[in-house]
Amino acid sequence: MLSGHQVLVTIGTPCTMSAVGSTETYQAKVRGEADFIAMAAFDAGLIAFDDPADDISSMRWVGGEQAGQPATLAEIETRYGSQLRANLGIRRIDPNLLMPSQTVTDIAACLPHDLENGGLRRLAGIRYDDVRGSALRDMYGLFQDEPLLGPSLQSQLFAYGALGALAGLPTPLSELVSNPYGFRVAAATAFAGMDALGQWLRPDAPPPPEGKPRDRFAVQLASSLGSHGPALVSTMLAPAYSLSRTLKNPALRDSLRSDDPGYLRVPQTPMTAVGACASSLVALCDIAPQLLFDYPGFQRPKMVLLTAADASLQPRFGLLDAFGGGALMTSEKLDAINAAHGPDEQRAVSDSLAPFDVDANGTVVGNAGSGLLITTLDFALRHFLDITSIIVGWGQSGEAGGKAHFAGVGFGGENAMVHALDMAHKAHGYGVADFEYLVAHATGTRTNSKSDLTTASAGRTGAALRQGFSGPLPPMFVGTPKALGDGHTMGETGLKAISQALQYVLGRLAPGVPTLRQLDPELESTAAAFTLQKAPLQGHLDSGALCATQGFGGYNGAVALRSANPAALARYEIDPQVLAAYLERWPQLRKERERRERAFRRGPRLALTMVERHRWHGEE
């Protein structure tokens, strides 16, 4: 029996931003709720909620002649419904944003509305004036409004997703973990800060219309690093000490000393994992043992903020040319697909990413960022944090060699799933049949459709063999966030998969395969081990979910989650009084956490509000 110190759990639900929109917008679309359009209007900066914490809140217009006046769902739909839907999800790129030589594809999954042009900084509260008027005023130089000298889009996504995850905490992070050295950011990305990188990598790049600004502090260089966003998140939460004031008055540093002699009050170094499209789950596999490792002198993090972001469409969609038309969905391919269908079966651009379908003919690249809190079961119980799932297994794997190109999925990647399921069985007592929902990689190419299900099936079969499981395995339900409108978000995709797996084990609706119409006949034998359906899937509170990702070059990751409920917690060795106190308060903790996440994520200046609430104090 494992002790509470040896079990990892998730706290709250992930904070996400993708082509569909923010967390609340995405979940409203999964559920098919009418207030989806209100959430989209909030993302676009058109309305504000009077009481963001309420499930159904009154709304008011922001800006324009009706600023401050009440807004209704019907009015939003009438005035902006078509425009909002046209500017989110998988869609055609504005031709004015493409260079004449860019002819590979005009389909992508950019962030919605104005979020790539200042809107995300508005939602996060990380514009220059926001920061200059906040407790982070000494850091204003990192948040200049000049696009070339402000945070890259990737860094903005890291800040929004990672810091937004802190909404799940009932008390400030600085109180839960009094010494910041007990906290660590674990990040994932497939690419660097592409928009910043593009400016200095090509000296012949055309200058911005307003001219190229003077970069006195190598801001563009810093922003081009894939590690910049995670470092920004960690720095915003760390105790603040102005270099100029502290150098003039060294005594200010005395307050940086911790109660643990010799250690200063700073977070552990941010960790950044790069594993192509499996980066998120590779990061989880690397950081999980550190939370559990017991060794003399080793300082385990008490809480980890797992985050991932990629803005690979920056700058000016150059990555699409690198992909080439073979792997991507294009207008020409979509036209050919529709030519083979009747008038009532035409696919819109928004439905063009169609994994497992006979129409699967290419992926769609998207930008996205997410964040999620992870800690041990013992820590969560003692601090009355709402436990949303138990991480019962994780695994990673390379692949066999002999590839003609790195885009091909090689042999052996199923080791990642076998590893995760082996851990779930040996450490937690959950068998391969205890996981009924698979969040598939599902990029939308026919090749991936085959490799995705084949690898998952092989992984389950291998785990069943090791567990002595006899008889046929029950079919697994399959879901994919990409097809709902996110597109393929590269290194972030694994963490978005976890966000939907969490919905399932929390007993809520999770995505099916929304663009599925006719199963690819080449998948019929493999698909027999799975249940593929267009409609969303109803989760339940005693369930298990698997996430699996595959990345260029042979990167594979997997994670196994189980529902957190009283019976599940009883599997572990926990102080009876601690467990009883927690179980008594758990229903109320859940309600308060859900309300708190709504309040902050549907409220103004999310990232900045979270920093001001949760950061460790410095010289001030």
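Worth pointing out:
- Test: residue in the stretch 259-280 that is over 20 Å from the mean Cα position of the chain (by Cα), among the hydrophobic types (A, V, I, L, M, F, W, C) and either more than 22 Å from GLY395 (Cβ to Cβ) or surrounded by fewer than 17 Cβ atoms within 10 Å (Cβ to Cβ) (or both): yes
- ARG245, sole failed condition from (1) part of a helix (DSSP H, G or I); (2) crowded, with 19+ Cβ neighbours inside 10 Å: (2)
- Residues in the stretch 321-330 that are touching a helix residue (DSSP H, G or I) at 6+ places or on another chain (Cβ under 8 Å) and under 13 Å from ASP351 (Cα atoms): 0 in all.
- Conditions (1) at pLDDT below 95; (2) open to solvent by 60 Å² or more (accessible area, probe 1.4 Å); (3) outside any helix (DSSP H, G or I): number failed by PHE298: (1)
- Taking the conditions (1) among the β-branched types (Val, Ile, Thr); (2) surrounded by 15 or more Cβ atoms within 10 Å (Cβ to Cβ); (3) farther than 30 Å from THR375 by Cα in turn, THR25 satisfies each one other than (3).
- Verdict on ASP50 being assigned by the TED database to the domain that holds ILE390 and either open to solvent by 20 Å² or more (accessible area, probe 1.4 Å) or in contact (Cβ under 8 Å) with a residue 24 or more places away in the chain (or both): no
- Those residues of the stretch 602-620 which are among the aliphatic types (A, V, I, L, M) and open to solvent by 10 Å² or more (accessible area, probe 1.4 Å), in sequence order: none
- Residues considered: ALA86, ALA74, ALA38. Of these, the only one that is aliphatic (A, V, I, L, M) and within 20 Å of ALA124 (Cα to Cα) is ALA38.
- Yes/no for SER525 being within 24 Å of MET423 (Cβ to Cβ), among the polar types (S, T, N, Q) and either surrounded by fewer than 21 Cβ atoms within 10 Å (Cβ to Cβ) or touching a residue at least 24 places away in the same chain (Cβ under 8 Å) (or both): no
- Subset of the stretch 561-601 that is among the basic types (Lys, Arg) and within 28 Å of LEU123 (Cα to Cα) - its residue that is surrounded by the fewest Cβ atoms within 10 Å (Cβ to Cβ): LYS591
- Residue among ALA527, ALA497 that alone is over 22 Å from the mean Cα position of the chain (by Cα) and of a type outside the set (S, T, N, Q): ALA527
- A count restricted to the stretch 464-480 and to residues that are open to solvent by 20 Å² or more (accessible area, probe 1.4 Å), in contact (Cβ under 8 Å) with a residue 40 or more places away in the chain and either outside any strand (DSSP E or B) or of a type in the set (Asp, Glu) (or both) stands at 5.
- Checked against the criterion of being under 23 Å from LEU353 (Cα atoms), open to solvent by 10 Å² or more (accessible area, probe 1.4 Å), assigned to a loop (DSSP other than H, G, I, E, B) and among the hydroxyl-bearing types (Ser, Thr, Tyr), the candidates THR455, THR443, THR447 yield just one match: THR443.
- Candidate set from the stretch 106-122 (those that are open to solvent by 10 Å² or more (accessible area, probe 1.4 Å) and on the phi < 0 side of the Ramachandran plot); member that is farthest from the chain's Cα centre (by Cα): ASP106
- One residue stands out among those in the stretch 248-264 that are farther than 23 Å from HIS614 by Cβ and not in a helix (DSSP H, G or I): the one that is modelled with the lowest pLDDT, which is ASN249.
- Selected residue (criterion: surrounded by the most Cβ atoms within 10 Å (Cβ to Cβ)) from residues of the stretch 481-520 that are polar (S, T, N, Q) and touching an Asp or Glu at 6+ places or on another chain (Cβ under 9 Å): THR493
- Any helices (runs of 4 or more DSSP H) falling wholly within the stretch 82-169 and containing at least 2 residues that are without any contact (Cβ under 8 Å) to a residue 60 or more places away in the chain: 128-132
- Out of PHE317, PHE356, sole residue that is aromatic (Phe, Trp, Tyr), at pLDDT 95 or above and crowded, with 18+ Cβ neighbours inside 10 Å: PHE356
- Residue match in the stretch 231-239 (condition: under 26 Å from ALA368 (Cα atoms), in contact (Cβ under 8 Å) with a residue 12 or more places away in the chain, touching a strand residue (DSSP E or B) at 6+ places or on another chain (Cβ under 7 Å) and surrounded by 13 or more Cβ atoms within 10 Å (Cβ to Cβ)): yes
- Residue count for the stretch 481-505, restricted to those that are in a loop (DSSP other than H, G, I, E, B) and among the acidic types (Asp, Glu): 1
The values are calculated or read from the model by the stated rules, or taken from the named source; none is laboratory data. Only a predicted model underlies this, so the values are computations on that prediction, with no experimental measurement involved. Cβ sites come from the backbone with ideal geometry, for glycine too, and all protein chains shown count toward neighbours. Surface areas here come from the heavy atoms of the whole protein model, side chains and all, with no ligands, DNA or RNA. Shrake-Rupley method; radii C 1.70, N 1.55, O 1.52, S 1.80 Å.
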